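Written out below as structure tokens is the structure these notes cover.
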Amino acid sequence: ASRFNPKAADARWQKTWDDAQTFAADNAAAKPKSYVLEMFPYPSGRIHMGHVRNYTMGDVLARFKRMTGHEVLHPMGWDAFGMPAENAAMEKKVHPGEWTRANIAAMRDQLKRLGFALDWSRELATCEPDYYGQEQALFLDLFEAGLVYRKESAVNWDPVDMTVLANEQVIDGKGWRSGATVERRKLSQWFLKITDFAEDLLSGLGELDQWPDKVKLMQENWIGKSRGLRFRFKLSQPVTGQTNLQVFTTRPDTIFGASFVAVAADHPLAAAVAENSAEAQRFVAQCQSGGTSAADIESAEKLGFDTGLTVAHPFQPEWELPVYIANFVLMDYGTGAIFGVPAHDQRDMDFARKYDLPVRRVVADGDDSEAEFAGDEAWSGEGTLVNSRFLDGMTIEAAKAAVIERAEEEGWGEGTTEWRLRDWGVSRQRYWGTPIPIIHCEECGPVGVPKDQLPVVLPEDIDFETPGNPLDRHPTWKHVDCPQCGEPARRETDTLDTFVDSSWYFIRFASQPDDAPFDRAEAEAWLPVGQYIGGVEHAILHLLYARFWTRALNRMGMLDVKEPFAGLFTQGMVTHETYQAGDGSWLSPGEVTKDGEDWVAIEGGEPVTPGRVEKMSKSKKNTVDPDPIIDQYGADAVRWFMLSDSPPERDLPWSEAGIEGAWRFVQRLWRLIDGNQPGEGEDKALDRKLHQTIAGVAEDIEDLSFNKAVAKIHELANAIEKADASASRDAAVRILVRLVAPMAPHLAEEGWAQFGEQGLVADAQWPEADPALLVEDEVTIAVQINGKLRDTLSVAKGAGKADLESLALASDKIMRQLDGAEPKKIIVVPDRLVNIVA
Ligand code: ANZ
Ligand code: ZN
């Protein structure tokens, strides 16, 4: 038999599929639609093994769906804006667009070499004006719908390079290029009102029954709905007519641990106290001069001023708490006033230790329930309420509810709903992103760019020599006339967070007209995505933003879909061994060898320490480039290995032995196909094995249990190899070609052609499993007459005595033997034998 030659076969079939546009999805098809999507890659330069695994899984499902009568949309594109392109521009002096497009071209070729069933006619790159121009149109829709606003917000400022830094450019608090200590600055920036949808984003999780629970939990925590309480403390004496001080807390359960109350420096109460105290006035002024961002306040020393006023504890009026003005209380959050619980809040702890205030434990940390709290580390974890009168013994949640209930009953406070979710800040002071389509006019304020002037295209002539935002420094780009009044105005120079680009690309794949972001009917025909596959690192932000964006379109009446992804699967990583030299540097597995018991560097012989098997990464030097592996073993072997052994949600350890095993199996399959001989007669056991495999593999692929599907195909191949020639065996080999088509499509096309079948196996129908042959547990029982074997019967395992008796008596051979004689006695041993005493 000949060998399967992947080099020739891969190229031949890839070209055939390409020429025939085999995988182009038809929006108008009458078949049931199936949308299979993997998270699109960032064009960093080369495809890595994680991509190969991700896209192979999606591909198996997409091909299987085609074979089971679906019109499949399985597209690919590029998440092409972002920082690395700008870094490349600065380091290698190449334009971000040139760098990105070259990477896309290289990676597209790599993907094509893996034979993915992708609809390349819908390929898109988010850095191209035909994509981001439509994104700008959507941004303007959101702007008009009141879902976009501007607000002051802190950015990382590099005082030497005079530039805003992205978070990933701040390394240990220092600018990545200048090394200068980064400052926080406030800039007016654009926000999307995701908090408007907080409740809906949370409750919608309940309907996502094809999402992993852990991802739903992560989203739930991120959205972070919690109950809070606003309530009024009674002041021991009125201040400028006020008898109460209103505070806000998310931990009403800790009320019996309160040891002080504090107000912000710009709280009216602080102003009133300062009227009569020069010292208080000085303190307030000092607080106001410091930075105001949350991070400044977090890191600054906690300072307070004792006003001499007190308030009464709501449950124990004789218990008086001192009132401070404190620098860590913000005026623009809650009510600008708090009660401090040092034992259970670190800020309050720092404050209490400094000003020598009581620290009372009210939540037990394990067995520790002493009221007197030792140490300087607050306990903010779970526990049972202690030292808290009617709350004792409750959980935190129950105690929160109990306090809120009492406050509402007695009329001194009201429960509120609090969200951890904040609005989405989308402004980036960078070049390589979607320009925000806004023009700032002195007279008219921020004005949307008229839609007929879209796209707002990025200028090409850009300077990366000087640090900072190149758009802002560009000599002409930002100078435009106001679209409303015609006066000279200024373009917005911020670009959009790249998460915006990925919040709607799946809609654009479904429908891409020239003159609109999408066509509603076309998009609705495909959406929601049936199966979305990607890394768990996107479990929170990307998925939440896409869910928000879809809801926003839905609210604006543009799309009749709220949840973009009906099914979600997060695959495991591809891992590999790591090796480290004495100086801490990493060596690739190819650079080391075993010398007796020890590992050494091949070059130089230095000892190295084998580290853990970890996710492939450049920094640990344990990556394996897919290209040479495809060259050596062919696409099908690579695909086969990606699906074998490890369950898809688990990590897959890369190994030479693994890919070789996959290659050998592909060759074995080919030998079965190529060496197939027609035969006569049936082989019931093989028939049964075949049909069980047809049904089992289908089920496994639907479940994304690819490793199980692969294992079943292995078993079937074993059974075929062992079987003698028969019509059954011939049929099994022919059907095997279709069973492996989703995983090893090049080999399958080759086999399909070899058997003289019409068309492509990619278009073939998934074989039908015969339900009669799926009966798993059949046993062969002996039928004896007077202890002599006269016949064997194949029966369902566990069949009852009466059934076995009548089956035995109905057998032709037995009837002939008995020849009308009446049996004296029938002995039945279930699953074993029937003995007829005649
Ligand atoms: C009592 C308490 C006890 C609190 C405890 C926390 C822990 P999150 O959850 O982030 O929303 N707080 C309220 N308003 C504030 C303001 N204007 N400036 C500074 N801090 C403020 O934070 C809510 C908690 O932050 C509130 O719950 C309050 O302190 C504080 F063991 O009340 B807490
Ligand atoms: Zn104007």
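The values are calculated or read from the model by the stated rules, or taken from the named source; none is laboratory data. All of these numbers come straight from a predicted model, not from anything done at the bench. Cβ: placed from backbone, ideal geometry, glycine included. Neighbour counts: every protein chain shown.
For this structure, a couple of remarks:
- The C-beta contact set for region 93-111 (first residue over 27 Å from residue 628 (Cα atoms), second residue of a type outside the set (Ser, Thr, Tyr) and surrounded by fewer than 17 Cβ atoms within 10 Å (Cβ to Cβ), distance under 8 angstrom, 6+ apart or interchain) comprises 95/460; 97/460.
- Test: residue in region 444-451 that is out of contact with any strand residue (DSSP E or B) (no Cβ under 9 Å at 6 or more places or on another chain), touching a residue at least 60 places away in the same chain (Cβ under 8 Å) and more than 16 Å from ligand 1 (Cβ to nearest atom): yes
- Restricting 447, 362 to those that are under 30 Å from residue 232 (Cβ atoms) and of a type in the set (A, V, I, L, M) reduces the list to 362.
- Identity of the residue in region 452-490, among the β-branched types (Val, Ile, Thr) and free of Cβ contacts under 8 Å to residues at least 24 places away in the same chain, that ends up nearest to ligand 1 (Cβ to nearest atom): 466
- Helices (runs of 4 or more DSSP H) completely within region 416-528 that count 3 or more residues being surrounded by fewer than 20 Cβ atoms within 10 Å (Cβ to Cβ): 520-526
- Residue within region 418-431 that is within 14 Å of ligand 1 (Cβ to nearest atom), within 37 Å of the chain's Cα centre (by Cα), more than 30 Å from residue 492 (Cα to Cα) and not polar (S, T, N, Q) present: yes
- If the condition is being farther than 26 Å from residue 349 by Cβ and either in contact with a Pro (Cβ under 9 Å, 6 or more places away or on another chain) or within 16 Å of ligand 2 (Cβ to nearest atom) (or both), then region 372-414 contributes 406, 410, 412.
- Residues of region 315-333 satisfying the condition of being within 13 Å of ligand 1 (Cβ to nearest atom) and within 30 Å of residue 422 (Cβ to Cβ): 324, 325, 326, 327, 328, 329, 330, 331, 332, 333
- Subset of region 16-32 [farther than 15 Å from residue 112 by Cβ and out of contact with any helix residue (DSSP H, G or I) (no Cβ under 6 Å at 6 or more places or on another chain)]: 25, 26, 28, 29, 30, 31, 32
- Residues satisfying the stated conditions in region 199-212, i.e. out of contact with any strand residue (DSSP E or B) (no Cβ under 7 Å at 6 or more places or on another chain) and either at positive phi or assigned to a helix (DSSP H, G or I) (or both): 199, 200, 201, 203, 204, 205, 206, 207
- The strands (runs of 3 or more DSSP E) falling completely within region 769-837 that include 3 or more residues that are touching a helix residue (DSSP H, G or I) at 6+ places or on another chain (Cβ under 8 Å) map to 778-785, 788-796.
- Qualifying positions in region 255-273 - in contact (Cβ under 8 Å) with a residue 40 or more places away in the chain and either more than 20 Å from residue 318 (Cβ to Cβ) or within 16 Å of ligand 2 (Cβ to nearest atom) (or both): 262, 263, 264, 265, 266, 267, 269, 270, 273
- Scanning region 338-373 for residues that are aliphatic (A, V, I, L, M), over 16 Å from residue 251 (Cα atoms) and out of contact with any helix residue (DSSP H, G or I) (no Cβ under 7 Å at 6 or more places or on another chain) yields one hit, 371.
One line per residue, one yes/no per condition, for (1) among the aliphatic types (A, V, I, L, M); (2) crowded, with 18+ Cβ neighbours inside 10 Å; (3) closer than 24 Å to residue 508 by Cα:
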site: 554; (1), (2), (3): no, no, yes
site: 557; (1), (2), (3): no, no, yes
site: 563; (1), (2), (3): no, yes, yes
site: 570; (1), (2), (3): no, yes, yes
site: 574; (1), (2), (3): yes, yes, no
site: 578; (1), (2), (3): no, yes, no
site: 582; (1), (2), (3): no, no, no
site: 585; (1), (2), (3): no, no, no
site: 593; (1), (2), (3): no, no, no
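- Of all the numbered requirements in (1) touching a Leu at 6+ places or on another chain (Cβ under 7 Å); (2) surrounded by fewer than 16 Cβ atoms within 10 Å (Cβ to Cβ), residue 238 misses one, and that requirement is (1).
- Here the condition is being within 12 Å of ligand 1 (Cβ to nearest atom), surrounded by 16 or more Cβ atoms within 10 Å (Cβ to Cβ), farther than 20 Å from residue 414 by Cβ and among the aromatic types (Phe, Trp, Tyr); of 305, 248, 339, 260, it holds for 260 alone.
- Qualifying residue in region 716-723 (condition: under 28 Å from residue 12 (Cβ atoms), among the acidic types (Asp, Glu) and either in a helix (DSSP H, G or I) or at pLDDT 95 or above (or both)): yes
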